[in-house]
Amino acid sequence: MSEELFKKLVSHAKKYGFIFQSSEIYDGLSAVYDYGPYGVELKNNIKEYWWKSMVQMHDNIVGIDSAIFMHPKTWKASGHVDAFNDPLIDNKDSKKRYRADVLIEDHIAKIEGKINKEVNKAKKRFGDDFDEEKFRAEHPRVQKYLTQIKEIQERMGASLSAGDLEDIKLLIEELGITDPASGSRNWTEVRQFNLMFNTQLGNISGEEGKLYLRPETAQGIFVNFLNVQKTTRQKIPFGIAQIGKAFRNEIVARQFIFRMREFEQMEMQYFVQPGKEMEWFDYWKEHRMKWHKALGTSDDKLRYHDHDNLAHYANAAVDIEFKFPFGFKELEGIHSRTDFDLSSHQELSGKKLQYFDPEMNENYVPYVVETSIGVDRMFLAVMTNAYTEEMVPDASGGEAERVVLKIPAALAPIKAAVLPLVKNKEELTTKAKEVFDKLKLFFNIQYDEKDAIGRRYRRQDAIGTPFCITIDFETLDDNTVTVRERDSLDQDRMHIDELAHYLEKHTNISTLLTKLI
Ligand code: ATP
């Protein structure tokens with residue numbers, strides 16, 4: 001999908017009530033978005049799919065819902081006060097601010113662009129005989145570019161890990177990186193910028209009353225580890241899952257809901273015996289990929305990416321990347337966090353956070369493997385996959401273009417629309433309303449009688465409704481209706497009494513969950 005189509009997707013999301021810019025009447029607040037009537041349904045369904053796949057499908061995973069505000073010491077222990085920073089650089093001419101690492105990554109993307117150009121040129125030249133893998137491995141110019149990329153990545157990784165910001169600045173200068181807005185090379189020094197938002201408690205002044213908006217939901221799970229373990233009598237290995245808001249004062253806020261300042265995370269911390277973490281890391285890596293693929297996402301749009309630059313708490317980390325319209329980017333992270341968090345909380349709070357393992361007859365601080373995915377990024381991935389412009393047969397025997405969201409039926413905001421064939425025949429509308437009233441007890445459905453049937457189909461296509469149920473004159477005779485399927489446009493005739501079962505079979509979240517077993 002090109003940038004052009006991405007723009008269309010963003011405007012479609014607004015036009016059809018999925019996503020609005022926050023505070024739009026005041027010209028918006030950057031990197032903050034509101035979900036509209038269809039957006040909230042899709043978002044809730046994504047959350048339900050995740051929650052059920054974790055909590056309902058694993059008898060050793062339980063959920064919690066912890067508060068956004070936490071004791072300020074939490075963030076000292078977790079390392080966020082000291083280390084949750086991004087390297088920031090300002091351009092003195094344009095006064096624009098950038099993440100230094102993103103400027104370098106964008107530079108790398110440009111080199112990748114050059115490689116692709118070479119590949120495409122050769123593809124054209126050699127036609128069917130072209131062996132892309134061999135070309136990439138042997139072509140001298142491509143090899144030169146690949147070496148450049150590797151050198152830049154290694155140097156950036158090492159300097160970031162060592163906190164050597166002077167070298168990051170040097171690297172930007174050596175690569176001749178210019179300000180994307182002004183073309184200027186007049187850069188400030190690189191400095192660290194803490195991404196946590198803070199606010200103040202009403203009844204305590206100064207540093208002691210300083211509260212942070214949580215930058216991740218995970219810490220609410222760590223500090224409740226023993227509460228949950230004891231109250232649910234879980235034995236290791238076991239997991240705690242949570243869905244909730246997180247806040248980050250991102251420097252680069254762009255790409256729609258990909259990078260927001262207020263967003264939602266779905267995180268699961270899995271507590272394991274020390275030494276068993278790599279086994280579970282591999283398990284969750286594979287299981288999470290399965291979860292994505294169960295949605296029908298094609299193999300070429302998902303890939304793993306190992307971290308070169310491990311976070312302060314991790315001994316292994318992998319991202320699941322999705323091919324967004326602007327390239328492959330992180331959708332989910334799977335991290336082996338060792339006992340870093342629990343040990344730090346134990347130390348700073350003075351409270352023991354240990355587990356007595358009856359198998360080993362020993363007390364220890366468990367190790368943790370986490371899976372962490374942004375709801376909003378997942379939403380964008382689902383919309384990217386779904387957005388389709390295509391030609392379909394129209395009523396006059398010709399062809400017409402339609403825009404359809406091919407959202408997996410189990411995630412679709414509206415499961416079915418009930419449509420009387422025409423609106424000014426009372427018998428039809430009465431019958432249609434009867435069908436609607438019956439089905440609405442079980443499914444999120446819509447009744448629509450306005451405009452010609454073709455236009456109503458298009459409206460439902462545009463919001464991704466998998467089924468349209470049409471009530472026509474035959475219905476009045478024999479209680480049968482037509483059910484039109486969104487993607488194939490196939491029309492099935494069935495009895496009204498069969499509808500609930502049919503919709504259940506095709507739109508229930510269990511249609512996805514069964515693929516995970
Ligand atoms: P990035 O490198 O893209 O900033 P990250 O490595 O900081 O992401 P994590 O801390 O691993 O991200 O957070 C876990 C998940 O939360 C990410 O995979 C992503 O889906 C989501 N996420 C993180 N930051 C944001 C954000 N600003 N807006 C939306 N989703 C986010």
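Each value in this text was obtained by applying a stated rule to the coordinates, not by laboratory testing. Treat the numbers as computed from the prediction; the structure is a model and nothing was measured. Don't worry about glycine lacking a Cβ; one is built from the backbone with ideal geometry, like all the others, and counts go over all protein chains shown.
So for each of 407-417, 200-210 I average, over its residues, the number of other beta carbons within 10 Å; can you give me the resulting order with the highest mean first?
Top to bottom by mean Cβ count within 10 Å: 407-417, 200-210.
If you average over every viewing direction, what projected area does the convex hull of the Cα atoms of the range 409-516 give, in nm²?
Taking a quarter of the hull surface, the average projection is 6.4 nm².
Let me know the Rg and Dmax you get for the range 17-97 when you use only its Cα atoms, in Å.
Considering the range 17-97 through its Cα atoms, Rg and Dmax are 19.3, 58 Å.
Report the FRET efficiency, 1/(1 + (r/R0)^6), for L226 and A395, where r is their Cβ-Cβ distance and R0 is 56 Å, rounded to 0.05.
Efficiency computed from Cβ-Cβ geometry: 0.30.
Between S11 and L476, what FRET efficiency follows from the Cβ-Cβ distance if R0 is 45 Å, with the result rounded to 0.05?
After rounding to 0.05, the efficiency reads 0.65.
If r is the Cβ-Cβ distance from E498 to K293 and R0 is 41 Å, what FRET efficiency results, to the nearest 0.05?
With R0 = 41 Å, the Cβ-Cβ based efficiency is 0.85.
In debye to the nearest 20, how big a dipole does the range 409-516 give about its Cα centre with +1 on each Lys and Arg Cβ and -1 on each Asp and Glu Cβ?
In debye, rounded to 20, the range 409-516 gives about 520.
How far apart, in nm, are the 7 Å Cα→Cβ label points at T188 and E426?
Those two pseudo-labels are separated by 7.3 nm.
Where the only charges are on Cβ atoms (+1 Lys, Arg; -1 Asp, Glu), what is the dipole of the chain about its Cα centre, to the nearest 20 debye?
The calculated dipole for the chain is roughly 740 debye.
Fully extended, how many nm does the chain gain between D357 and K144 (0.36 nm per residue separation, minus their Cα-Cα distance)?
Roughly 71.3 nm would be gained on extension.
Using the structure shown, select from K123/K323; K14/K406; K290/K505; K144/K169; K52/K293 the pairs with a Cα to Cα distance greater than 19 angstrom.
Distance filter (> 19 Å) returns K123/K323; K290/K505; K144/K169.
Where does each of H58, H495 land when they are ranked from fewest to most other beta-carbon atoms within 10 angstrom?
Ascending number of Cβ neighbours within 10 Å: H495, H58.
For L175 and I204 in the same chain, what is the full-extension length gain: residue separation times 0.36 nm, less their Cα-Cα distance, in nm?
Extra length available between L175 and I204 comes to 5.6 nm.
What percentages, rounded to whole numbers, describe P(r) for the chain computed over all alpha carbon pairs with 10 Å bin width beginning at zero?
It works out to 3, 15, 23, 24, 18, 11, 5, 1, 0, in whole percents.
By its C-alpha gyration tensor, with a ≥ b ≥ c as the square roots of the eigenvalues, how is the range 85-191 shaped: rounded for a/c under 1.5, else prolate for a/b larger than b/c, else oblate?
prolate
Write out the GluC sites (Glu not before Pro) in the range 328-436 meeting two conditions: DSSP loop, and at most 15 other Cβ atoms within 10 Å of their Cβ.
E359
Taking the range 295-388, which trypsin sites (Lys or Arg not before Pro) meet the DSSP loop condition and have no more than 15 other C-beta atoms within 10 Å?
Passing both the DSSP loop test and the Cβ count: K351, K352.
Classify the range 50-126: rounded, prolate or oblate, from the alpha-carbon gyration tensor (a ≥ b ≥ c, eigenvalue square roots; a/c under 1.5 rounded; otherwise prolate if a/b is larger than b/c)?
It comes out oblate by the Cα gyration axes.
Taking only DSSP H segments of four or more residues, each worth -39500 (n - 2.57), what value at 222 nm results for the chain once the sum is divided by all its residues, to the nearest 500 deg cm²/dmol?
-12000 deg cm²/dmol
Could you put T297, T511 in order, starting from the residue whose Cβ has the fewest other Cβ atoms within 10 Å?
T511, T297
Assuming 0.36 nm per residue, please report the length gained on full extension of the stretch F442 to V252 beyond their Cα-Cα distance.
Computed gain between F442 and V252 is 64.1 nm.
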